[in-house]
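Here it is, the structure in full.
The values are calculated or read from the model by the stated rules, or taken from the named source; none is laboratory data. Just so it is clear, the model here is predicted, and its values are computed rather than measured. Positions of Cβ are backbone-derived with ideal geometry, glycine not excepted, and every protein chain shown enters the neighbour counts. Only protein heavy atoms, including side chains, enter the accessible area calculation; ligands, DNA and RNA are left aside. Shrake-Rupley method; radii C 1.70, N 1.55, O 1.52, S 1.80 Å.
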Amino acid sequence: MPLRPRALAVSAGLLSGALLLTSCAGSATAPGGGAADGSGRQTVTFMGFFGTFQDSFTKTVIEPFEDANPDIEIEYVPIQNSAEVLAKLRASKERPVADIALMDSSVAPTANEEGLFAELDPALVPNLEELVDAARLQDGYGPGLTLDSLSILYNSDRVAEAPTSWDDLWDERFEGRLAMPIADTRGVALLIALSDILGVDHQEDIDPAIERLRELAPGVQTWQPSPDVYTSVQSGEVDVAVGWNARGQFYQDSSDGTVVPVLPEEGTVQQINSINLVNNSPAADAAQKFIDYAISAEAQKAFGDDAYYAPVNENAELDPEVAERTTASEAQQDKQIAVDWSWLTTRYTAWVDRIKREVIGD
Amino acid sequence: MSAAAPGTETGSDTGSTTAPGAERPAPGRWTPGRTAAALLLPGLVALLLTYAMPLVWVARMAFNEPLPGGAIRQTLTLGTFADVLTDGHYWRVIWQTVELGALVTVFTLLLSYPLALFLARTTTRWRGLLIALAVTPLLISSVARTFGWMAILGNQGVVNKTLQSVGIIDTPLQLANNLTGVVIASTEIYMPFAILVMISGFGRLDPELERAAASLGAGRLAVLRRVVLPLTLPGVLTAGLLVFVLSLSGYVTPRLIGGGRVFVLATEIYDEAITALNWPVAAVLSMLLLVLFGLVIVVYTRLQRFVERRILGERGAAS
Amino acid sequence: MTDPTTGVPSPTAAGAGAAGAPAADEGHLVLRDLVKTYPGRHGAAVRGVSLSVPRGAMLAVLGPSGCGKSTTLRMIAGLVAPSAGSVLVDGKDVTGTPAHHRDMGVVFQSYALFPHMDVAGNVAFGLEMRKVPRPERERRVTEALELVRLDHLARRRVSQLSGGQQQRVALARALVVRPTVLLLDEPLSNLDAQLRTTMREEIRRIQQETGITTVFVTHDQHEALSMADRVAVLHEGRLEQLGTPQEIYERPASRFTAEFVGRANLLPATVVAAASAGEAAAAEVEVPGIGRITAQGASPAPGEPVTVLLRPHRVVLDAHDPDGGIARGTVLTAGYTGETVAYRVRVGGSGPELDVELPSGSHRPSAPGAEVGVSWQQGAARLVPAAPRSGGDAEAADGGGPAGDRDPRGGAA
């Protein structure tokens, strides 16, 4: 059969090139981007974390907002983590696939710098005035939406005497019974907390904290509990672990008290998720209206009471019972370990690398 | 990993729309060659879009420069390659990837071979059912099966609980959250693939040859060693290649049951891309994995040729 | 079924009185009541076969496909375990001996050459298994290949050989170990007609040179008759007849053998009286449409129905004197095949149709419609026991079959 490979290749190349062009155009017009339909109703696309966070946030923040603003519809696009948000926004810089995006405050400065996020207009987001200090992040860019903190989790069925201090992780009672998922933000936060306990400035030197973790390594059952640290503690696969407080509190309720999160007496490090306006959003005004509502005292109280995140609005007062279980508790506020996340962004990767290589991989 | 997603999505979206365009008759003579070309085009284009394009994208990313905090500087540098290749950590990761692949391949082949041999040789009318049974695990996602293995191998798992209650051990054996657990679970997960490949690769096996060998004085072991094994070797090799390659790129099992201790290329690529946001390094590691695949294929081809020439071909009495 | 004192298979006695078959107690290879049933399959594949092969003889096991001949061979080789019965070699029971300790050479229908070894490798395999030292091994491989005239192809790959060459390799491989018994399963069925004739002679030559007791299985009567010293006809798992090729052909012990071995006209008849034709037993029988004729063979009582066998080439037609023969006939069809002319002739007005085969050139061919005289030599007509053997009784020569056996066609092609 007379096949001319060269002609074949050329035509294939041309065709695929053409297809590629059309597909790019297609993907750019398809999703996201604050489209207004004929009725004048505007859709604002919100990228937020999946799972219980989505359930709670939809119920306590999005639905009340939509009730109050019938002309705006919030579309929730669930994402796994901040890296996924970054990837999606990078891939759709000109015609973004979202108008608002949640992002861990350790990642957000990168997105700000790359121009993926836009500065907010203080006139459109008056609630910025009411933010607590911790939630005031990079000047002009998205503020904190949730305040969480690193906790010690333990299984109350298997552990008689509750751990109260970070030092208790080194207690020989828990040798071989520890889950330490610290090859990520949790490890970074733990390094800061340990440096604080060891009396070292984490901006100067984290060697002592790394050294301290190395001592812990032989007693660690798993560095990567599956499916996650909360269920591992609940099932008794491990007795003690480190994890985020808000989800720990959620699991305490759902496990009837088997999983117990402890905010250690030395204090802990806050983790902040920021809410950001995506650059080039065609619905920037509506998006900022929603951001303003999300950080309002009303929304912060509703969401905090439901999901155990400490409020970013100084006027939001959680139920006393709930407040005790968040970093908003007075006891915790006093001992909060300060972190400059925009500084930390530049060290984050290096620290995670050191944890992986010097603590886990050794 | 997620970095490749956009490309993949657009590829699959548009792949289906190529067919009508490709089949449109062109002016002029319609030769068989052009028909063949037209028939090939949709597949070629789909392959290009879903496979080649993302690969090119990843390859391009490997030459960018990572900045602290996950930012990327568009440039053309071999710096990331140099950083990775001079970093002992990544060599350890590559070594552990190969080590895991080798262990899993050996155990999978050892356990699958007798089963495949039985299934290929049996004349029972339940043969079809038995083969179906051997591959049913494929119907369950490897995630679910890995979790199953965690329930079996964990400190609170069936094995440890049983051994403890019987009094054989006091403290639980570390069967999960380490390389042991990954090897055990991966072996089970890849066995159906190995069995399927072996059965279909055992075509040269003819029961009459075994009878001929027996009639010539060969006992069971001699028949296995001198007749069955050489004739099934190509199938075993192909199964080995498949399992090794699957294992090299395996992510789920090392991640879920490795306890964060088992660093292999797939998990490392994910961590670099997702946790460290270091896309260029993730891309470089992806390229290294590709190189590894290439090496494996080269070794496989050599081995296959060796087997065909030296074991299946020229082996004689006096040699 | 067997004579309890000697283990001699009785069918031999039934058909062959005069033939010089060696006494069975000298049998080098003896089968006793071999039975093979397969679970889940209706009926047995082999239903009690007993026979004996003298040392150095060549036995052909002949039968249509599915008659159990291959299963029988495999039971001899130890590749299939009998459900009942036993196999004896040199008087020693080897039924429980595994194949690899039986010391029998087998040539398989598919040859079953090892594709991963060359010609010499295949031939040497059995010697390696017997731990024959290398120098002797090499010498014997060369000898065996010389015997089958393949010594120039020792290093050839098996897949590069022709069918006939593969066949020879298989033979050399089986012979090189000097087996006590050589077993050949349809050895020529995969060869083309011309090669088959050559290999037939080749196998016969090698067998006679080596003097190995040989059993071969075939569905081809020519092969069986031309190669073997003795032929065992198998039908539906049973031994129909065991005898020399002449006995099998000339004096078939059953209707099945008569029809299966060679072409046959089988005419239903009724016994009129026992008669004597020379030394052998004979009878006068009434054949409807032909009349009274004399037929060789042991006869049942007068009045009993019998079948008369008349081989087509033993019949003579006379176109010049239609009334000069045993009966008058009309030519229905005539077919020229080169060496012979095959006629179909109706005897009498409404008598049976006969197949007749005359050497071409020996006569002036008759056209269809021609009236001819039909005759045959004294002794050409034979009585065939009409009943198919049932149970274990081999003494079936008393004839007298069921009514259904009396074929109104009167003849068979």
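Looking at the range B:256-277, which residues lose a minimum of 30 Å² of accessible area between their chain alone and all protein chains in place, measuring with a 1.4 Å probe and not counting ligands or nucleic acids?
Residues passing the criterion (a loss of at least 30 Å², heavy atoms only) are B:G259, B:G260, B:R261, B:F263, B:I274, B:T275, B:A276, B:L277.
Then there's this: Need one number: buried accessible surface between chains A and B, 1.4 Å probe, both sides summed, DNA, RNA and ligands left out, in Å² to 100.
3800
Roughly to the nearest percent, how much of the accessible area of chain C is carbon and sulfur, given a 1.4 Å probe?
Percent of accessible area from carbon and sulfur atoms in chain C: 49.
Let me ask another. Mind checking the per residue accessible area of the range B:198-319 for me, 1.4 Å probe, whole number of Å²?
Result: 37 Å² of accessible area for each residue.
Select from A:Q332, B:L133, B:T301 the residue farthest towards the positive end of the dipole of the protein assembly as shown; place +1 on Cβ of Lys and Arg, -1 on Cβ of Asp and Glu, and compute about the Cα centre.
Positive-end residue among those listed: B:T301.
What number, in percent, do you get for the relative contact order of chain A if the mean sequence gap of Cα pairs under 8 Å and at least 6 apart is divided by its residue count?
24
May I pose another question? Using Cα positions and a limit of under 27 Å, work out the lysines in reach of C:K69, with same-chain residues fewer than 8 apart set aside.
Partners found: C:K36, C:K92.
For chain C, modelled as a GNM with alpha-carbon contacts under 10 angstrom, which of C:P300, C:P365, C:P312 fluctuates the most?
C:P365
Okay, next question. For chain A, what is the accessible area per residue in Å² when the probe is 1.4 Å?
Result: 41 Å² of accessible area for each residue.
Another question about this same structure. What is the mean number of Cβ atoms from other protein chains located within 10 Å of the Cβ atom of each residue in peptide A:225-238, rounded to a whole number?
Partner-chain Cβ atoms within 10 Å, mean over residues of A:225-238: 3.
What is the mean number of Cβ atoms from other protein chains located within 10 Å of the Cβ atom of each residue in peptide A:341-352, rounded to a whole number?
The shielding value for this peptide is 3.
Between B:A71, B:A273, B:A59, where does the largest GNM mean-square fluctuation fall for chain B, given springs only between Cα atoms within less than 10 Å?
Result: B:A71 has the largest fluctuation of those listed.
Defining a contact as two alpha carbons under 8 Å apart and six or more residues distant in sequence, what relative contact order in percent does the range C:24-255 show?
Worked out over the range C:24-255, it gives 29 percent.
Only counting protein heavy atoms at a 1.4 Å probe, give the residues of the range C:134-157, ordered by number, whose accessible area falls by 10 Å² or more when the other protein chains are present relative to the chain alone.
C:R134, C:R137, C:E138, C:R155, C:R157
Out of the total accessible area of chain A (probe 1.4 Å, heavy atoms of protein only), what percent is carbon and sulfur?
Summing carbon and sulfur atoms, their accessible area is 48 percent of the total for chain A.
Counting other Cβ atoms within 10 Å of each Cβ, which GluC sites (Glu not before Pro) in the range A:193-268 have at most 16 and sit in a DSSP loop?
In loop regions of the range A:193-268 (DSSP not H, G, I, E or B), the sparsely surrounded GluC sites (Glu not before Pro) are A:E204, A:E265, A:E266.
Now for a different question. Positive end of the dipole of the protein assembly as shown, charges at C-beta (+1 Lys, Arg; -1 Asp, Glu), about the Cα centre: which of C:A327, A:G115, C:Q166 has its Cα farthest in that direction?
C:A327
Here is a follow-up. Run the accessible area of the range B:88-318 with a 1.4 Å probe and give the carbon-and-sulfur part as a rounded percent.
The value for the range B:88-318 is 69 percent carbon and sulfur by accessible area.
While we're looking at this one, here's another question. Over chain C, give the accessible area per residue in Å² for a 1.4 Å probe, as an integer.
41
Then there is this: Using a 1.4 Å probe and counting only protein heavy atoms, how much accessible surface gets buried when B and C come together, both sides summed, in Å² to the nearest 100?
The contact between C and B buries close to 2400 Å².
Still on this structure: How far apart, in nm, are two points set 7 Å out from the Cα along the Cα-to-Cβ line at C:E286 and at C:H222?
Reported label-point gap for C:E286 and C:H222 is 4.2 nm.
A further question follows. Rank C:E339, C:E371, C:E357 by mean-square fluctuation in a GNM of chain C with C-alpha springs under 10 angstrom and give only the top-ranked residue.
C:E339
Using a/c under 1.5 as the rounded threshold, could you call the range A:280-362 rounded, prolate or oblate? The axes a ≥ b ≥ c are square roots of the C-alpha gyration tensor eigenvalues, and prolate needs a/b larger than b/c, oblate otherwise.
Oblate shape, in that a/c is at least 1.5 and b/c is the bigger or equal ratio.
Give, ordered by residue number, each residue of the range B:62-85 whose 1.4 Å probe accessible area is reduced by a minimum of 30 Å² on adding the remaining protein chains to the chain alone.
Residues of the range B:62-85 that lose at least 30 Å² of accessible area once the other chains are added: B:P68, B:G69, B:A71.
Which of A:V238, C:A283, C:L188 sits closest to the plus end of the dipole of the protein assembly as shown, meaning its Cα is farthest towards the positive end, when Lys and Arg get +1 and Asp and Glu get -1 on the C-beta?
C:A283
Tell me which chymotrypsin sites (Phe, Trp or Tyr not before Pro) from the range B:241-319 have a DSSP coil assignment and no more than 16 other beta carbons within 10 Å of their own.
Answer in residue order: B:Y251.
On a C-alpha basis, how far is the centre of the range A:183-217 from the centre of the range A:33-104 in Å? Whole number, if you could?
Taking the Cα centre of the range A:33-104 as reference, the centre of the range A:183-217 is 36 Å away.
Based on DSSP loop calls and a cut-off of at most 11 other Cβ atoms within 10 Å, the longest stretch of chain C free of exposed trypsin sites (Lys or Arg not before Pro) is what?
C:132-413
Sticking with this one: What number, rounded to the nearest 500 deg cm²/dmol, is the helix-based mean residue ellipticity at 222 nm of chain A, given -39500 (n - 2.57) per DSSP H run of at least four residues and division by all its residues?
The helix-only estimate for chain A comes to -11500 deg cm²/dmol at 222 nm.
Assign one of three labels to the range B:88-318, namely rounded, prolate or oblate, based on the Cα gyration tensor with a ≥ b ≥ c the square roots of its eigenvalues; rounded applies when a/c is under 1.5, prolate when it is not and a/b is larger than b/c, and oblate otherwise.
Oblate, because a/c is 1.5 or more while a/b does not exceed b/c.
On to the next question. Using DSSP to call loops (not H, G, I, E or B), can you name the trypsin sites (Lys or Arg not before Pro) in the range A:150-210 whose Cβ has at most 12 other Cβ atoms within 10 angstrom?
none
Shielding of B:204-213 by partners, i.e. mean partner chain Cβ atoms within 10 Å per residue?
Partner Cβ neighbours, averaged per residue: 6.
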